[in-house]
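Remarks on the structure that follows.
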Amino acid sequence: MTNANPLPPFAVTARFFDGQSAGEKLVRAVADEVAGRLTIYDEERGQALETWPLDELRMIRDPGYGDGIVFFRNGHNEARLNVQSSVDAAAIEGVAPNLRKVEIVKGTVRKMLVWSAAAAGSVALILFVILPALADNLSGLVPIEREEAMGRQVVNQMERMLGSYQGSGYCTNEAGQAALQKMATRLTDQIDMEYELKLRVIRHPMVNAFAAPGGHVVVVSGLLEKADTPEEVAGILAHEIGHVVNRDPLRIMLRAAGSAGILSMLIGDFAGGTLALIVSEQLMQASFTREAEAAADVFAFETLSRAKLPTEDTAHFFEKLRDQYGDTEGAMEYLSSHPNLASRALAARSAETQTTGEFEPVLSAQEWQALRNICN
């Protein structure tokens with residue numbers, strides 16, 4: 001800011017660089033606030049080298065000139081005036097009104113917006129296109145033993161999210177566990193499995209089941225309470241086995257790991273526990289892609305057919321869920337990872353192979369009761 005009463009002209013000693021050569025000149029710079037200009041004179045020859053309007057004068061601190069201050073004319077070549085004396089620099093600052101003004105070049109904001117959009121687009125491309133493709137390719141290279149270890153970590157995180165710790169929430173009734181194993185054997189008897197299925201039931205009112213990497217499948221007891229027949233449970237279990245066979249949980253874990261790595265660079269560090277939490281939440285919400293969910297349904301229907309079990313019960317289970325919890329319709333269907341329940345029920349009925357109604361139940365009445373009571 002300039003003084004209320006203009007200062008008389010004053011001179012300071014400085015070094016001048018014309019920006020065209022590496023040499024420097026010892027100069028005398030005369031500041032005239034009334035005339036509004038700074039005139040730079042060659043100290044040796046006494047001739048004026050340049051005249052800078054005071055309102056165009058800007059300053060930067062020169063890291064290569066001790067405590068010196070560098071002055072320059074905004075928008076004009078590369079000439080610089082180096083003033084070492086802090087008293088002289090303060091005097092110039094007192095008569096130059098725009099010394100600390102930051103100029104924004106026309107079009108800079110637009111360029112920043114364009115570059116920001118491009119950066120965001122690049123991140124989105126990596127997260128939603130490149131990472132999924134890379135995860136799909138890498139999933140076939142992970143050894144089964146390593147995948148099983150990863151799955152254990154995820155299942156432990158799931159357990160904590162459902163309110164238990166170190167196995168305290170798992171249901172271990174032997175008769176119920178045997179019934180669940182019998183159901184799984186019926187479903188997988190004609191499938192060449194790379195994994196040994198590790199089946200568990202956990203006590204929680206949630207109506208759900210989920211698969212984790214390495215052949216881990218967890219059934220939530222709320223699903224058993226909601227089902228009317230063991231064939232309804234078999235349809236859901238076959239769906240989860242489909243995810244296991246297709247290694248969908250491993251894919252989602254690899255994608256989450258890549259996403260966490262990118263996000264850690266953008267917003268901070270991600271610990272391994274956070275990664276497990278992200279994967280667990282996604283698996284518990286069955287947040288696979290719509291294509292993976294539809295493929296797991298098809299796998300389930302084919303598995304039920306090979307096991308000579310009806311898909312009608314699966315359709316009925318979907319309809320019960322729709323009636324109680326509602327469905328995703330219209331645009332929301334495309335935002336959901338699963339196809340809506342009505343379309344899944346229709347697909348189950350369309351896949352029906354048991355037309356006579358005669359089949360060997362997947363569990364006896366006694367075994368079904370044991371499975372439903374597995375948490376008692």
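The values are calculated or read from the model by the stated rules, or taken from the named source; none is laboratory data. What you are looking at is a predicted structure, and each value in this text was computed from that prediction instead of being measured. Here the Cβ positions follow ideal geometry from the backbone for every residue, glycine too, while neighbour counts run over all protein chains shown.
Can you name the residue in segment 60-71 that is touching a helix residue (DSSP H, G or I) at 6+ places or on another chain (Cβ under 7 Å) and buried (at least 18 other Cβ atoms within 10 Å of the Cβ) and is also modelled with the lowest pLDDT among such residues?
69
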Enumeration of residues in segment 25-55 that are surrounded by fewer than 16 Cβ atoms within 10 Å (Cβ to Cβ) and touching a residue at least 40 places away in the same chain (Cβ under 8 Å): 55
Name every residue in segment 162-194 that is surrounded by 13 or more Cβ atoms within 10 Å (Cβ to Cβ), farther than 23 Å from residue 363 by Cα and in contact with an Asp or Glu (Cβ under 8 Å, 6 or more places away or on another chain), in order of residue number. 169
Helices (runs of 4 or more DSSP H) within segment 72-184 that include 2 or more residues under 35 Å from the mean Cα position of the chain (by Cα), under 30 Å from residue 54 (Cβ atoms) and modelled with pLDDT of 70 or more: none
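For segment 190-298, which fully contained helices (runs of 4 or more DSSP H) count at least 3 residues that are modelled with pLDDT under 70 and in contact with a Leu (Cβ under 7 Å, 6 or more places away or on another chain)?
Filter on segment 190-298 gives 248-267.
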Residue check: is residue 352 in contact with a Pro (Cβ under 8 Å, 6 or more places away or on another chain) and modelled with pLDDT under 90? yes
Neighbours by Cβ (under 9 Å, 6+ apart or cross-chain): first from segment 59-81, closer than 12 Å to residue 38 by Cβ; second of a type in the set (S, T, N, Q) and modelled with pLDDT of 80 or more: 71/82; 79/20
